[in-house]
Amino acid sequence: MADLNNILIFVKVAQFESITRAARSLGMTISMVSRRLAGLESELGVSLLRRTTRRVTLTAQGREYLSQCQEPLNLLQEAEQVLTQRQKQPEGLLRITAPAMLGQKPFLDFISSFLKDHAGIRVDLVITTLVLDLVAENIDVAIRFGELHDSSVVAKRLGKTVFYLVAAPEYLKARTLPAEPADLRSHDCVMLFARNNERDWDLISGRRKVTVNVSGRVATRDITSVTTFVHGGHGIGLLPSTYCDEAIAKGKLIRLLPKWAPSPLPAFAVYPSRKFLPSRLSVFLEALANWKSPIWIKD
């Protein structure tokens with residue numbers, strides 16, 4: 001099969017009846033256009049053009065070949081225009097994956113609002129505790145927390161999650177408040193992603209860092225449940241500051257060990273490539289960056 005680029009060059013020369021003008025239109029040198037035409041004729045085994053000092057005309061075979069080539073080329077150009085237009089218009093299927101801690105009403109309300117603002121976009125939302133392979137699973141964008149180690153993806157930082165140690169006044173009645181991180185071992189704790197209702201909490205204060213093994217009667221897989229059980233007086237929990245600032249101000253929660261906290265957890269929007277982003281992904285990334293998340297705060 002002949003090279004499509006050579007066919008396009010032939011069509012341009014035929015339309016302009018000039019190698020010089022065709023070369024100018026294509027942004028190529030005259031010698032390059034001439035070589036590509038000669039290569040096409042050699043490949044087809046026919047003479048397509050008659051060249052004179054003043055103009056270029058088609059041979060009989062050239063006219064027949066041109067009539068056969070123009071329609072497929074027009075179809076290819078139309079297909080390209082359709083794709084280009086789709087790049088400009090935010091439409092089509094957007095596959096999103098997010099961790100379980102986002103599978104709650106605030107994030108779902110954000111997705112709902114986004115869909116209402118962009119009627120041409122469809123969303124396939126995968127809420128999971130697994131870290132999915134974006135390419136293998138055909139995922140457009142993932143929301144991830146923590147430091148990233150995959151250099152093959154593009155990561156757009158959304159903010160960071162700052163955690164406080166908090167408890168309800170009801171839980172703290174008749175209990176000694178912890179004075180040091182080690183004191184947490186003697187308290188009931190409400191944990192996220194625990195194993196056998198135990199887990200390690202890594203806490204820092206300036207340059208000091210400690211790991212405390214905590215336990216309790218309640219462990220769960222989402223931050224909303226942790227919040228509910230902490231407010232219910234079931235123990236000390238680590239909550240995002242955005243989840244408890246107001247409650248602390250109103251006295252509904254008490255912040256404990258204020259000098260100690262986990263390292264802030266960065267939040268990212270991760271996607272496979274930065275080249276030729278479809279407009280549906282571009283508008284989603286912009287909306288996500290502007291969303292006032294209850295999970296993370298802007299850096």
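When region 238-259 is examined, which residues are found to be more than 30 Å from the chain's Cα centre (by Cα), of a type outside the set (D, E, K, R) and within 24 Å of residue 207 (Cα to Cα)? Show your work before the answer.
Going through region 238-259, the residues more than 30 Å from the chain's Cα centre (by Cα) turn out to be 246-259.
Okay, now just the ones that are also of a type outside the set (D, E, K, R), so 247-249, 251, 253-254, 256-258.
Hits for region 238-259 are 256, 257, 258.
Quick one: is residue 63 in a helix (DSSP H, G or I), of a type outside the set (A, V, I, L, M, F, W, C), under 17 Å from residue 16 (Cβ atoms) and at pLDDT 85 or above? Quick ask: steps written out before the conclusion?
Values: in a helix (DSSP H, G or I): yes; of a type outside the set (A, V, I, L, M, F, W, C): yes; under 17 Å from residue 16 (Cβ atoms): yes; at pLDDT 85 or above: yes.
Yes.
Could you please let me know if residue 222 is without any contact (Cβ under 8 Å) to a residue 40 or more places away in the chain and either surrounded by fewer than 20 Cβ atoms within 10 Å (Cβ to Cβ) or in the same structural domain as residue 122 (by TED's automatic domain parsing) (or both)? Full working, then the answer.
Numbers: without any contact (Cβ under 8 Å) to a residue 40 or more places away in the chain: no; either surrounded by fewer than 20 Cβ atoms within 10 Å (Cβ to Cβ) or in the same structural domain as residue 122 (by TED's automatic domain parsing) (or both): yes.
Considered against the rule, which asks whether it is without any contact (Cβ under 8 Å) to a residue 40 or more places away in the chain and either surrounded by fewer than 20 Cβ atoms within 10 Å (Cβ to Cβ) or in the same structural domain as residue 122 (by TED's automatic domain parsing) (or both), residue 222 comes out as no.
All but one of (1) within 18 Å of residue 100 (Cα to Cα); (2) in contact with a Cys (Cβ under 9 Å, 6 or more places away or on another chain); (3) touching a residue at least 60 places away in the same chain (Cβ under 8 Å) hold for residue 227; state the number of the condition that does not hold.
Against the list (1) within 18 Å of residue 100 (Cα to Cα); (2) in contact with a Cys (Cβ under 9 Å, 6 or more places away or on another chain); (3) touching a residue at least 60 places away in the same chain (Cβ under 8 Å), residue 227 comes up short only on (3).
Go over the candidates 144, 122 one by one and state the one that is in contact (Cβ under 8 Å) with a residue 12 or more places away in the chain and within 13 Å of the chain's Cα centre (by Cα).
Details: 122 fails: within 13 Å of the chain's Cα centre (by Cα).
Step by step, each of 144, 122 is checked, and only 144 is in contact (Cβ under 8 Å) with a residue 12 or more places away in the chain and within 13 Å of the chain's Cα centre (by Cα).
For region 192-226, give me each residue that is hydrophobic (A, V, I, L, M, F, W, C) and in contact with a Leu (Cβ under 8 Å, 6 or more places away or on another chain). Walk me through how you get there before you give the answer.
Of all residues in region 192-226, those hydrophobic (A, V, I, L, M, F, W, C) come to 192-194, 201, 203-204, 210, 212, 214, 218-219, 223, 226.
Result: 192, 201, 203, 210, 212, 214, 219, 223, 226.
Where residues in region 91-132 are modelled with pLDDT of 90 or more and among the acidic types (Asp, Glu), which of them is nearest to residue 279 (Cα to Cα)?
117
Among the residues of region 264-277, are any within 30 Å of residue 210 (Cβ to Cβ), of a type in the set (Gly, Ala, Ser) and more than 13 Å from the chain's Cα centre (by Cα)?
So in region 264-277, the residues within 30 Å of residue 210 (Cβ to Cβ) come out as 264-268.
Keeping just the survivors that are of a type in the set (Gly, Ala, Ser) gives 267.
Next, only the ones that are more than 13 Å from the chain's Cα centre (by Cα) stay: none.
No: zero hits.
Within region 249-299, count every residue that is touching a residue at least 24 places away in the same chain (Cβ under 8 Å) and outside any loop (DSSP other than H, G, I, E, B).
Going through region 249-299 one residue at a time, the tally reaches 22.
Being surrounded by fewer than 11 Cβ atoms within 10 Å (Cβ to Cβ), aliphatic (A, V, I, L, M) and modelled with pLDDT of 85 or more: is that true of residue 79 here?
no
Failed condition for residue 209, given (1) among the charged types (D, E, K, R); (2) touching a residue at least 24 places away in the same chain (Cβ under 8 Å); (3) surrounded by fewer than 18 Cβ atoms within 10 Å (Cβ to Cβ), with all others met?
Of (1) among the charged types (D, E, K, R); (2) touching a residue at least 24 places away in the same chain (Cβ under 8 Å); (3) surrounded by fewer than 18 Cβ atoms within 10 Å (Cβ to Cβ), only one is false for residue 209: (2).
So that you can scan it fast, the table gives a plain yes or no per residue for (1) assigned to a loop (DSSP other than H, G, I, E, B); (2) touching a residue at least 24 places away in the same chain (Cβ under 8 Å); (3) under 24 Å from residue 129 (Cα atoms):
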{"site": "149", "(1), (2), (3)": "yes, no, yes"}
{"site": "158", "(1), (2), (3)": "no, yes, yes"}
{"site": "178", "(1), (2), (3)": "yes, yes, no"}
{"site": "182", "(1), (2), (3)": "no, yes, no"}
{"site": "190", "(1), (2), (3)": "no, yes, yes"}
{"site": "201", "(1), (2), (3)": "no, yes, yes"}
{"site": "214", "(1), (2), (3)": "no, yes, yes"}
{"site": "217", "(1), (2), (3)": "no, yes, yes"}
{"site": "239", "(1), (2), (3)": "no, yes, yes"}
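Report every pair of residues separated by at least 6 positions or lying on different chains whose Cβ atoms are under 7 Å apart, first residue within region 44-68 and over 15 Å from residue 7 (Cβ atoms) and without any contact (Cβ under 8 Å) to a residue 60 or more places away in the chain, second β-branched (Val, Ile, Thr) and in a helix (DSSP H, G or I).
That search, which allows pairs on different chains as well, returns 56/13; 56/19.
The values are calculated or read from the model by the stated rules, or taken from the named source; none is laboratory data. On a predicted model such as this, the values are computed, not experimentally measured, just so you know. Note that each Cβ is placed from the backbone with ideal geometry, even for glycine, and that neighbours are counted across all protein chains shown.
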